[in-house]
1. Going through segment 152-171 one residue at a time, which ones are assigned to a strand (DSSP E or B), in contact (Cβ under 8 Å) with a residue 60 or more places away in the chain and touching a helix residue (DSSP H, G or I) at 6+ places or on another chain (Cβ under 9 Å)?
2. Of these, 96, 90, which one is assigned to a strand (DSSP E or B), more than 16 Å from the chain's Cα centre (by Cα), farther than 20 Å from residue 7 by Cβ and free of Cβ contacts under 8 Å to residues at least 40 places away in the same chain?
3. Just wondering, is there one or more residues in segment 101-108 that are out of contact with any helix residue (DSSP H, G or I) (no Cβ under 7 Å at 6 or more places or on another chain), surrounded by 13 or more Cβ atoms within 10 Å (Cβ to Cβ) and more than 19 Å from residue 139 (Cβ to Cβ)?
4. Can you tell me which residues in segment 75-84 are farther than 17 Å from residue 62 by Cα and either within 14 Å of the chain's Cα centre (by Cα) or crowded, with 16+ Cβ neighbours inside 10 Å (or both)?
5. Looking only at segment 132-142, decide whether some residue is crowded, with 20+ Cβ neighbours inside 10 Å and either touching a residue at least 60 places away in the same chain (Cβ under 8 Å) or under 11 Å from residue 48 (Cα atoms) (or both).
6. Would you pick out the residues in segment 162-185 that are surrounded by fewer than 21 Cβ atoms within 10 Å (Cβ to Cβ), at pLDDT 95 or above and in contact with a strand residue (DSSP E or B) (Cβ under 7 Å, 6 or more places away or on another chain)?
7. Looking at segment 130-142, can you tell me whether even one residue there is outside any loop (DSSP other than H, G, I, E, B), more than 16 Å from the chain's Cα centre (by Cα) and more than 18 Å from residue 11 (Cβ to Cβ)?
């Protein structure tokens, strides 16, 4: 059965909004630790992450795990018109809010999308086929289609993963290669 994006979005956001602060931290620390190990095990140097909003998985915890500073982390900067670029993270004091009120690293250290090895992509819902539902602006799809040689990891809580149905998708949607929840990695079904 095909699940409509708007229905999946509504249900997942309702569940996510009920998470306690302790649950968010607990799950996010596990997810960040798994993400960090994956980057190190695969010798990736340039990783795109995001700054969490609205009870999303706090993948930004991964930065604190990289005590040797051996990974270049890039965070998105969104602007009106649904444009997105990625800026290198230097330190928390170099952050400011973009057009949508989300923190990003200010400065001119924007990376060419093709140079990012791995993207950790937020989502409201995912299915086991790698389909993703975001907030409906299409920002990530526009960027990921330019990064054909990169690895895409969808990041979510276990309850946001639809395992018995398929999400509605269209020709502009970019599929994930893996999904990452507090339960670990899931290779998507091709």
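The values are calculated or read from the model by the stated rules, or taken from the named source; none is laboratory data. For clarity, every value in this text was computed on a predicted model and none was experimentally measured. We place every Cβ from the backbone using ideal geometry, glycine too, and count neighbours over all the protein chains shown.
1. Those that are assigned to a strand (DSSP E or B), in contact (Cβ under 8 Å) with a residue 60 or more places away in the chain and touching a helix residue (DSSP H, G or I) at 6+ places or on another chain (Cβ under 9 Å): 153, 155, 162, 167.
2. Selected residue: 96, the only one of 96, 90 that is assigned to a strand (DSSP E or B), more than 16 Å from the chain's Cα centre (by Cα), farther than 20 Å from residue 7 by Cβ and free of Cβ contacts under 8 Å to residues at least 40 places away in the same chain.
3. No, segment 101-108 contains no residue that is out of contact with any helix residue (DSSP H, G or I) (no Cβ under 7 Å at 6 or more places or on another chain), surrounded by 13 or more Cβ atoms within 10 Å (Cβ to Cβ) and more than 19 Å from residue 139 (Cβ to Cβ).
4. Matches in segment 75-84: 77, 78, 84.
5. Yes: one or more hits.
6. 177, 178, 185
7. no
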